[in-house]
Amino acid sequence: MANRDLNAATTGLDGKRVMVTGAAGRIGSATTLRLAEAGAQVTALCQPGQDAPGADRVVHGDTRSPDDVAAALDDVEYVVHLAALIHRDAGSAYDVYTTNVVSTFNVLERAARRGVRRAVVAGSINRYGLPQGIDPDARPAYFPLDTDIPPDVSDWYSLSKLNDENTSRMVWRRWGMDVVTLRFPHVNSMAAIEELSVRLTDDPRPGLTEGWSYLDVRDAALAIELALESTAAGANAFYLAAPLTSIPYRTEDVLDALAPEVPRRKRFVEREVPIDLGDAQRLIGFHAEHVLQLETRELPPQALR
Ligand SMILES: NC(=O)c1ccc[n+]([C@@H]2O[C@H](COP(=O)([O-])OP(=O)(O)OC[C@H]3O[C@@H](n4cnc5c(N)ncnc54)[C@H](O)[C@@H]3O)[C@@H](O)[C@H]2O)c1
């Protein structure tokens, strides 16, 4: 069944004005085009010198600036907030943390005060702390990673994404703007995901704390559209990913080898991703449409050397 059919109660984006921050970025450019194709009028808030194909209005500015965000919010009904420094090493610790948390606060607070009804925010799998954390041997409290997995944060990027979820909740509590935070895994083109797959097939260990998860950038844009159209009320934050891992090994086998001590709350079937996708399905009707094609293989001892 198509994603859209699953989400029976949709509001529709046709003719609605949506502000997209970070619209020139990897996820933002795919999202801007997709929303425009869905009939939305897109206001792109981009950094100077950037363009956003599909947007019928481009505002050059900084998401940390109240004035820039206020200018971009004219006539806007929905917000998609993607602008961020997207890795621990994308700047100084101060710049990464403050850019992300100030931008999210500023965009959501301005939007809510202006009466925007719904915002979709790019969260991250990193909000639980382990993938960019200080301890490469750290293990999650359990598998599958789910909405309630306890965070153990030791870097400023993950902290920014964790705190962004508090901001979303505050904004909903204070002004009643519904916010959906999509805790993205690694998002990229399928060609780049194939390259990642080759590396993780050779050595699966670096992918453990992300459950070897990924999402094609087209599916990230789809999820954003579904989240905008959904009737999910409140401040919701949840994981989403392709349903299968980026490695050719059975998930149970690779967890037996690399994380035997971590409790498993279910048995994973074949290459099932060890991430709970239930909330993404239930709340926004999301199922990934682009899945890496891999033949299942036995886990070779050299993959664990
Ligand atoms: N790509 C991934 O694997 C991934 C995974 C998890 C979460 N995310 C999140 O998704 C969002 C989008 O990521 P992406 O992969 O498209 O990244 P990207 O770097 O391609 O895009 C981010 C955009 O934000 C803009 N930006 C940064 N600081 C800004 C500021 N102060 N004012 C205005 N614009 C600013 C940048 O110019 C860029 O165009 C980010 O919030 C990121 O943390 C991405």
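The values are calculated or read from the model by the stated rules, or taken from the named source; none is laboratory data. The structure presented is a predicted model; accordingly, all values stated were derived computationally and were not measured. When we count neighbours, we look across all protein chains shown, and the Cβ atoms used for this are built from the backbone with ideal geometry, even at glycine. Note: areas computed on protein heavy atoms with side chains; ligands, DNA, RNA excluded. Shrake-Rupley method; radii C 1.70, N 1.55, O 1.52, S 1.80 Å.
Miscellaneous remarks
- Per-residue HN-Hα couplings for the range 24-40 [Karplus 6.51, -1.76, 1.60; θ = phi - 60°; Hz; x = Gly/Pro]: 8, x, 4, 6, x, 5, 5, 5, 4, 5, 5, 5, 5, 5, 7, x, 6
- Charge context of I125, other residues only, Cβ under 10 angstrom, K/R +1, D/E -1: +2
- Working from label points 7 Å from Cα in the Cα-to-Cβ sense, the Q281 to V269 distance is 0.9 nm.
- For the range 69-123, the alpha-carbon coordinates run over 35, 17, 13 Å along the three principal axes, in decreasing order.
- Here the calculated FRET efficiency for D203 and A233, from their Cβ-Cβ distance with R0 = 35 Å, stands at 0.20, rounded to the nearest 0.05.
- Two-decimal log10 I(q)/I(0) for the range 77-166, as the Debye equation yields it once each C-alpha is a single scatterer, q = 0.13, 0.26 Å⁻¹: -0.46, -1.25
- The range 5-79: projected area of the alpha-carbon convex hull, averaged over directions, in nm²: 5.2 nm²
- With both labels modelled 7 Å from their Cα along Cα-to-Cβ, the D56 to Y142 distance reads 4.9 nm.
- A Förster radius of 25 Å combined with the Cβ-Cβ distance from T98 to W175 puts the calculated FRET efficiency at roughly 0.60.
- Applied to the range 115-128, the Karplus parametrisation 6.51 cos²θ - 1.76 cosθ + 1.60 on θ = phi - 60° returns per-residue 3J(HN,Hα) values of x, 4, 8, 8, 10, 10, 10, 6, x, 8, 4, 5, 4, 8 Hz, with x for Gly and Pro.
- The gain in end-to-end length when the A191 to D75 segment is fully stretched comes to 38.0 nm, 0.36 nm per residue minus the alpha carbon separation.
- Rounded to 10°, Cα long-axis angle of helix 93-113 versus longest principal axis of the chain: 50 degrees
- In terms of Cα atoms, the Rg and Dmax of the range 25-137 work out to 14.9, 49 Å.
- Percent carbon-and-sulfur accessible area, the range 185-237, ignoring ligands, DNA and RNA, probe 1.4 Å: 52 percent
- Rg and Dmax of the chain, both derived from C-alpha coordinates alone, stand at 18.9, 59 Å.
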